[in-house]
Amino acid sequence: MGLPDRDDTIGRIQRELLTIGRRGTARVRRENEALSVVDRSLLSFIDENPGCRAIDIAAHFQLNRSTVSRQLGALFEHGYVATTDGGTVGGRGVGLRLTAEGSIALERSTRSIQASVEHRLQRWSEADLDVFARMLERYNSGDEATGPQGE
């Protein structure tokens, strides 16, 4: 028996990634979580890259700058993000940082999601977890030259 058709396999992957996203959105609504998936992604990036600018976020997530600016605007309004110079409204090219409220909201949301992921993966072996993490990292790196053909 040979390998499955590449197009079929990619279709399966796409369906599974979509399911992950939909479940994440449903969990946020069900648990009345304050942060959406988008909010979490932005806050996590800023937390991991203090002083980053909106353009850095747009480049990382491959989004239009106006989209990121609009999304950041909501986080500024909630008091989760401030500028590195102490401002409460982002301007062009201004560094960003999390506020104390933003850090607390991100930490609370991270704990909730971590518990959910841990529950779903509780019966996986350490080896399977490691392979899964490495494959997701490889996928998200966008480096098509990585792997068996590019090694």
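Only one residue in SER116, SER141 is under 23 Å from ARG22 (Cβ atoms) and at pLDDT below 95, so which one is that?
SER116
Which condition breaks for TRP124 when tested against (1) in a loop (DSSP other than H, G, I, E, B); (2) crowded, with 16+ Cβ neighbours inside 10 Å; (3) modelled with pLDDT of 90 or more?
(2)
Tell me the residue from GLY95, GLY86 that is in contact with an Asp or Glu (Cβ under 9 Å, 6 or more places away or on another chain) and either at pLDDT below 95 or among the small types (Gly, Ala, Ser) (or both), please. Steps first, answer last, please.
Numbers: GLY86 fails: in contact with an Asp or Glu (Cβ under 9 Å, 6 or more places away or on another chain).
Matching residue, one of GLY95, GLY86: GLY95.
Would you mention how many residues in the range 50-109 are closer than 24 Å to SER141 by Cα, part of a helix (DSSP H, G or I) and touching a strand residue (DSSP E or B) at 6+ places or on another chain (Cβ under 9 Å)?
The number of residues fulfilling the criteria is 5.
The values are calculated or read from the model by the stated rules, or taken from the named source; none is laboratory data. If you're wondering where the values come from, they're calculated on a predicted model, not measured in any experiment. Here Cβ is always computed from backbone atoms with ideal geometry, including for glycine, and neighbour counts include all displayed protein chains.
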